[in-house]
Each structure stands twice: as structure tokens, then as C-alpha cells.
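Read through the structure below, which is laid out as C-alpha cells, and then see the notes.
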Amino acid sequence: MPRSRQNGQPFRDRLCAVVAAPTSREALRDLGRARRAARTVELRLDWLRSDAERKKFLAALAKRRLSGTTLIATCRRILGGGRLAGGSEAELYWLSQAREAGCQWCDLEIETLRELPGRSARCYPLPRRILLSFHDFQRTPRLPRRLAHARAGEADAYKIAARANRLSDGLRLLRLARTSRDLVAVPMGEVGLPARLLALREGSALAYAPVGRATAPGQVGVEEFRRLYRADRITRATRVCGVIGSPIGHSLSPLLHNTGYVRAGIDAVFLAFLVDELAEFVRAIPEFGLRGISVTLPHKQAVMKHLDACEEMAERIGAVNTVVVGRNGKLSGSNTDYLGVLRALEGRIALPASRALVLGAGGSARAAAFALAKAGAEVLVSARRESRARELARACGGQFFRRRHLASTSFELIVNATPVGMVPEAGVSPLSPREVNCQLAMDLIYRPMRTELLRVAAGKGIATVSGVEMFLAQGFAQWELFTGRRPPEAAMRRAVVARLAAEESSR
């Protein structure tokens, strides 16, 4: 269960499961799920689709009189980013009804408080304890270094939820959380997700995780929050690692690495960082407390200029996908992508003297080309930007290959190292059927597991290798570098393959 209340904090259990459903029946079902995951639960009354559903839900809740659960009633108006049509009177009415149904807390928007006579809510029959909240769904506003409470006694705790458009926005909110035990800090949006998952470590009075539907951008479901990220148990002793890229929402690296940590009983967490400005991320490494970094598109080459040391093979490849942060803060780069390529092809093809075509000239393509050359294959490189393809071919001792000759040339192996065909643009192949002439086709894309290129190849009777094999192999090598231990490969593989299979079956 979530950790117990710490001295001086307003909530006994700081993981708050959020129930948001359109009907009373669904809300009651989700309430049962929420109570199994956490002992603090927010009830989003504004998400119920009508006053009749709100009335029905609160009547059922009153009969249950739940013990051992802290209930927070929220009925946010459209003005405050919620779904309740009406003014402050409607919000106050439903919050007072929530008190009658057994809710000990209510979330009151600062806009509502400002509309009340004397800017005081204590004279209304609201739940006994008030969480006064401020939301900004567009940006993170200027924040004070410390939280100065405007009116003593008007609230028992305070919440600031703001969209993080930069990594520094989330960090500013976390810094504020360190100054006050009665502050809930909620960085919103995909950029803010890592800070959101680290909020309890920094002292936030609550962290929210939905049961079912997400109620704000950048949320992680309560089951993943507790079981995969174990974000309610992160401390300063927890090893923090992560993956950086843009886009990053498709990445299964958090699932892969965190599954390994859970299985091995290691106090570590792996987060996904949406990074557009690499220099900003590098500056933020110490404050996030990162110890290991997985690097994906488009940063595999650019990250090298920020390193203090780089292994020889990664230097030759000219791309890094793994960074270890030393205790002295020094950044050491390496490349496990090339290992992933070779291990994925083991037993499938005799690489020495084979003709292998690599599509692309980015970081992944460089790793593939150098791996194949190292194994003795004759490497040919084709890419949309001819200059980059020629440079890669020279670097790995291969040859440049013009796209127009593909339909009339055959290879032992074709490797797609471009992002063409990756989710969310699945269903597109980088090559037409007449251009796929080989004995074995490999796609470094792993989401979807079976790309359009692999479908085309299979349709022509060509053997295929999914990018998931390379993804797993390079990830296992990274996991070992980050932890110094052998990874629990079977459990990690099962988790990733199960997730991909579920996605494909739902399409």
C-alpha cells in the first residue's frame, strides 16, 4: 500500500486515486478499484453527466459510509477547467452534498473563492477540510520561491497544477513543493510527466493517478503509478534513469526497464522525458538526480558534444544511445544499439560476405551499419539525404547505394533504420513491394511489432525480424550498464511483447 502519512502533512496517504466517470454506476465501480489501489480518493463529481447522476452517486455513497478512505470531492466548473455548467452556487451546492455523503475534503477552485463574500468559504457547509487549488492549462506562471498563504485559515492545503511546456517548468513546481508540506504540486502535460512522477519525492502533499479515464494531460494510471513506476515509494536513495527523445510517448523503454527493476527488487525508476532542447535537459540532469539515460531520436548524435567520455565503438559509430551519469556528475556515453542488431540477427543469417542494405543515415542507421560491417557483411547505405548516406558509407567501409536501383537489385539483408512506419504513422512502408528483394528483412521499428515493411516482405515469402528483438537486446545491455546486474530478461520480454500484442489486437 502507499506509504503512511508523514509528520505534518495534511494527507495520511499521499497517492490519490482519481475517479471520473459519466454515470453513477461507473463511478461506484471505479471507486471500488480506487480503494484497492489507494486510501486517498478524489471524486470528480463534475465528470458525472447530469445532476441526476450526481444525486444518485452521492446517495449511494452516503449509504456506504466508507471507513479507512479519505474522500476528496471535486466539482470543478468549466471556468476552472472542469465540466460543471453553472456558477459558484452550483459548485458549492454539490460540494455541500458531498459532505453529507461522507467526504472529508473538498477541492475548491481559487476562482470560486474570489467570488465569495469576504473571499471566505468557511461559512458554507462544505466538507470540513478545504484544498484550495489553482490551475493553468496553458503554461506554468511565475512562481514565488516560497508559498505565502494569502489568508490564514481559508484552506487546509493548497494545490498548484500548471502545464509544463519546458522541463524547467516542472522543476520550478517541484522546488516550490519542497518549501511547504501542505502544497500539492502538479506539473501537467507530457513534458511535465517525469516531474509529476517525482513529486512525492520532493514533498508534494499529494500525487494524482486516475482509475480509468485521465482527467488531465500527462497522467499515469493508478496501477502503473504504483506497480510499474512505484512512484509513491521513490526517495532520495532511489536510482532514477530515463529515456529522452522527441517524440517519446511511443517508447516502451519505461515498461522494459521498470519491469526489470520490479522483478529484481531494485530501488530504481525509469522515466520518459520529452526533450526538444537537449542543452536544457543536460542542465536539468543533476536536479532530476538522473543516473542513467537512454537516448533515442533525434538526439543520438547531438548528445555526444555534451559527454565527458565516450567508448571507442560509440565514437566510431558517431552515435550514442546510452549515457551513464557518474557520482561526480560526469557523463559517459556508449552504444548498445549495435549489439542489439547483431543479437537480433543471431542464428537467422550468416553475415560474413552477405550483402546488407541499410536504409537511413541517422543514429540507428549508423549503429546498424557499423554492426554489420564489424560482422563481415558488405554494407550498402541508402538514404533520403545523399550526403549523409555517403558519409556513413565511407565511415563504416561500405558503399553508397542509389534508391532508383533497388527494384533491380537483390540483397541477403535489408534493414530499415528510418522512422517511416512507426506509430502513429503505422501502415506506411519505406519501400514499395518491388523494391523489397532480399532473403531477410529487418525493421528497427518495434511499435508496431509487425510494420508495413515486414508485411510486404512476408507477402513475398521473405523471412522477417521485428524491431522488438533489437529493442529488447539493446535494452538488456543498457539495463546491465545502469544497474551492474544481469537483467531478468524473460520477465522484461513478456511485458513488452504482451503490450505490443495487445495494441495490435486492438487495431
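The values are calculated or read from the model by the stated rules, or taken from the named source; none is laboratory data. Predicted model only: the values in this text are computed from it and were never measured. Ideal geometry is used to build each Cβ from the backbone, glycine not excepted, and the neighbour counts take in all protein chains shown.
Observations, loosely collected:
- Subset of the range 52-85 [in contact with a strand residue (DSSP E or B) (Cβ under 7 Å, 6 or more places away or on another chain) and in a loop (DSSP other than H, G, I, E, B)]: Thr69, Cys75, Arg76, Gly81
- Qualifying residue in the range 433-451 (condition: among the basic types (Lys, Arg) and modelled with pLDDT under 95): yes
- Residue list for the range 321-343, restricted to those being buried (at least 24 other Cβ atoms within 10 Å of the Cβ) and in contact with a Lys or Arg (Cβ under 6 Å, 6 or more places away or on another chain): Asn321
- Within the range 47-75, residues that are in the same structural domain as Ile110 (by TED's automatic domain parsing) and of a type in the set (S, T, N, Q) sit with their Cβ atoms under 8 Å from residues that are surrounded by fewer than 19 Cβ atoms within 10 Å (Cβ to Cβ) and at pLDDT 95 or above, at 6+ positions apart or across chains, in these pairs: Thr69/Arg35; Thr70/Gln104.
To keep it simple, each residue is scored yes or no on (1) surrounded by 19 or more Cβ atoms within 10 Å (Cβ to Cβ); (2) over 18 Å from Leu206 (Cα atoms); (3) not small (Gly, Ala, Ser).
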position: Cys103; (1), (2), (3): yes, no, yes
position: Pro125; (1), (2), (3): no, yes, yes
position: Arg175; (1), (2), (3): no, no, yes
position: Ser180; (1), (2), (3): no, no, no
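- When the range 330-380 is limited to residues that are free of Cβ contacts under 8 Å to residues at least 24 places away in the same chain and over 15 Å from Met304 (Cβ atoms), the one that is nearest to the chain's Cα centre (by Cα) turns out to be Glu346.
- Among residues of the range 411-436, those that are farther than 27 Å from Ser506 by Cβ and touching a strand residue (DSSP E or B) at 6+ places or on another chain (Cβ under 7 Å), counted: 7
- The listed residue being in contact (Cβ under 8 Å) with a residue 24 or more places away in the chain and either of a type in the set (D, E, K, R) or touching a helix residue (DSSP H, G or I) at 6+ places or on another chain (Cβ under 7 Å) (or both), out of Ala177, Ala161, Ala207: Ala207
- So Gly68, is it over 26 Å from the mean Cα position of the chain (by Cα) and farther than 21 Å from His135 by Cβ: yes
- Among the residues of the range 156-168, none is identified as over 23 Å from Gly8 (Cβ atoms), more than 17 Å from the chain's Cα centre (by Cα) and not small (Gly, Ala, Ser).
- The range 305-319: number of residues that are under 13 Å from Ser332 (Cα atoms) and buried (at least 17 other Cβ atoms within 10 Å of the Cβ): 5
- The test for being part of a loop (DSSP other than H, G, I, E, B), of a type in the set (Lys, Arg) and within 21 Å of the chain's Cα centre (by Cα) does not hold for Arg146.
- Apart from one condition, Gly153 fits all of (1) at pLDDT 90 or above; (2) of a type outside the set (Val, Ile, Thr); (3) under 22 Å from Arg12 (Cβ atoms); the exception is (1).
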